[in-house]
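Let me begin by presenting the structure, written as structure tokens, before commenting on it.
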Amino acid sequence: MIALLNDIEIGYDDGGSGLTTLLFIHGFPHDRTLWTPQLQGLTVHARCLAADLRGFGETTAAPPYSMDQYADDLVGLLDVLHVDRAVVAGLSMGGYAAFALWRRHPRRVRALVLCNTRPGADTDEGREKRRNLMAVAHERGAGAVADAQLTGMLGKTTRANRPEITNTVHRMIASQRVEGITGALQAMMDRPDSTPLLSTIDVPALIVAGDEDAIMPMAEAKAMQAAIRGSTLEVISGTGHLSNLERPAAFNHVVSEFLAKLTLE
Ligand code: MLT
């Protein structure tokens, strides 16, 4: 589906119904199809929205982008769909956008699901790697970005046993526009440190990690759990950076349990 916001058209999926709305935010360099297993498996528990961030999938806005802009777009989508508050679930870069959404629009957040993400800003070394990836994107296109990113994206168990997932992720990355990829890299380089924000989170928070995630080490997830009062950490074993795609049933189970507790509050 396409929603018309102020200056852009935003691609999104909307499935299920219920008192709770889940808003899914994809990572880098993905699009909303990252959340297909959740749109299939969680719509019995909640209304599920998944949107393409600026520059990805069907949201074809030109850069520059920022985490704040991504967050404002998502709130714009909630407005268009008359959703007052949502459980905001972001994976990796989607988590960075979820932090921005919490910073700018806390009243719209019913709860947070922070998947395979970290609060910190980029280090100098991290920024250098992003500049290199920008050059790859400009010179050799999105297919080369997919080649470069794939190994880190998936856990070793998935890479060894699930070629269909490897192919899906490669296809998803290779189909993105170069300007979406480079614009998101710049937005991630420019994002602020959200670590000080963690102590302000006073809504329920679920942290999801993969024990084979080479991009977000377990120590990051544990530190985040210690810093967010009352939060829960769930580790999806045998998964890497894309825990929701690598073991969807296990991921959906922990999210549905979290939702069940929310409705009891
Ligand atoms: C992602 O999956 O969104 C990226 O790994 C985030 C990042 O590069 O920092």
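The values are calculated or read from the model by the stated rules, or taken from the named source; none is laboratory data. Source: prediction; values computed, not measured. Cβ coordinates were reconstructed from backbone atoms using ideal geometry, including for glycine residues, and neighbour counts include every protein chain displayed. The accessibility values were calculated without ligands, DNA or RNA, using every heavy atom of the protein model including side chains. Shrake-Rupley method; radii C 1.70, N 1.55, O 1.52, S 1.80 Å.
Miscellaneous remarks
- Each Lys or Arg adds one and each Asp or Glu takes one away; over the other residues whose Cβ falls under 10 Å from the Cβ of A50, this sums to -3.
- Positive contributions from Lys and Arg (+1) and negative ones from Asp and Glu (-1), summed over other residues with Cβ under 10 Å from the Cβ of L206, come out at -1.
- Extension gain for the segment S17 to T36, taken as residue separation times 0.36 nm less the Cα-Cα distance, is 5.2 nm to one decimal.
- In this structure the amide hydrogen of V109, modeled in the peptide plane, comes within under 5 Å of the amide hydrogens of A86, none closer than 5 places in sequence on its chain.
- Spin-label model distance (nm) - A226 vs R140, 7 Å beyond Cα toward Cβ: 3.9 nm
- Probe 1.4 Å, all protein chains present, accessible-area order of H45, H241, H138, largest first: H138, H45, H241
- R118 - accessible surface, heavy atoms, 1.4 Å probe, Å² rounded to 10: 60 Å²
- Global form of the stretch 214-259, assessed from the alpha-carbon gyration tensor, a/c cut-off 1.5: oblate
- Accessible area in square angstrom per residue, the chain, 1.4 angstrom probe: 41 Å²
- Sites A121 and S175, calculated FRET efficiency, Cβ-Cβ separation with R0 30 Å, nearest 0.05: 0.55
- Mean Cα-pair separation over length for the chain, i.e. relative contact order, pairs under 8 Å, 6 or more apart, %: 20 percent
- Maximal additional length on extending the E257-K129 stretch stands at 42.3 nm, based on 0.36 nm per residue less the C-alpha distance.
- Relative contact order (%) - criterion: Cα under 8 Å, at least six apart; region: the stretch 118-200: 50 percent
- When the trypsin sites (Lys or Arg not before Pro) in the stretch 203-265 are filtered for DSSP coil states and for at most 16 other beta-carbon atoms within 10 Å of their beta-carbon, the remaining sites are R229.
- Local electrostatic count, D193, Cβ distance below 12 Å [Lys/Arg +1, Asp/Glu -1]: +1
- Whole-number percent relative contact order across the stretch 32-112, with pairs defined as alpha carbons under 8 Å at least 6 apart: 23 percent
- Proximal lysines relative to K156, as straight alpha-carbon distance under 30 Å, when same-chain residues fewer than 8 apart are discounted: K129, K222
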